[in-house]
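Engineer: Before I ask anything, here is the structure I am working with.
The values are calculated or read from the model by the stated rules, or taken from the named source; none is laboratory data. Small disclaimer: the values here were computed from a predicted structure and weren't measured. Because the Cβ atoms are built from the backbone with ideal geometry, glycine has one as well, and the counts that use them run over all protein chains shown.
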């Protein structure tokens with residue numbers, strides 16, 4: 001059964017923060033970066049913009065309007081100190097989860113190899 005949509009976007013804030021840690025970007029550039037990093041789970045633009053808005057409300061990102069380029073003004077997002085702290089928290093959480101998942105895979109492989117005998 002495919003994952004539910006909410007679960008699909010569970011780590012979307014982490015990936016958005018990671019993209020903004022590399023460089024401040026407007027929403028379209030963030031979406032493009034995510035599409036490259038997450039080709040099997042491409043988030044839709046509405047989810048990215050909702051998450052950016054939520055991250056800004058939580059103080060993890062800040063934005064300003066870029067009116068210098070050609071075309072319409074674009075909101076450019078950058079990581080705040082709170083965003084860096086949250087990104088650190090995501091790293092720690094993912095490392096723990098990876099440990100659990102590796103334990104599962106190693107145990108499963110061991111069980112399968114004993115069962116095959």
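Engineer: What do you reckon, is residue 62 in contact (Cβ under 8 Å) with a residue 12 or more places away in the chain, part of a strand (DSSP E or B) and touching a helix residue (DSSP H, G or I) at 6+ places or on another chain (Cβ under 9 Å)?
Structural biologist: yes
Engineer: Sticking with this structure for a sec: Out of all the residues in the range 1-25, which are modelled with pLDDT of 90 or more and either within 12 Å of the chain's Cα centre (by Cα) or assigned to a helix (DSSP H, G or I) (or both)?
Structural biologist: Within the range 1-25, 12, 13, 14, 15, 16, 17, 18, 19, 20, 21, 22 qualify.
Engineer: Going through the range 26-43 one residue at a time, which ones are out of contact with any helix residue (DSSP H, G or I) (no Cβ under 6 Å at 6 or more places or on another chain) and either exposed (fewer than 12 other Cβ atoms within 10 Å of the Cβ) or assigned to a helix (DSSP H, G or I) (or both)?
Structural biologist: 28, 29, 32, 35, 36, 37, 39, 40
Engineer: When the range 65-81 is examined, which residues are found to be out of contact with any strand residue (DSSP E or B) (no Cβ under 9 Å at 6 or more places or on another chain) and not in a loop (DSSP other than H, G, I, E, B)?
Structural biologist: 81
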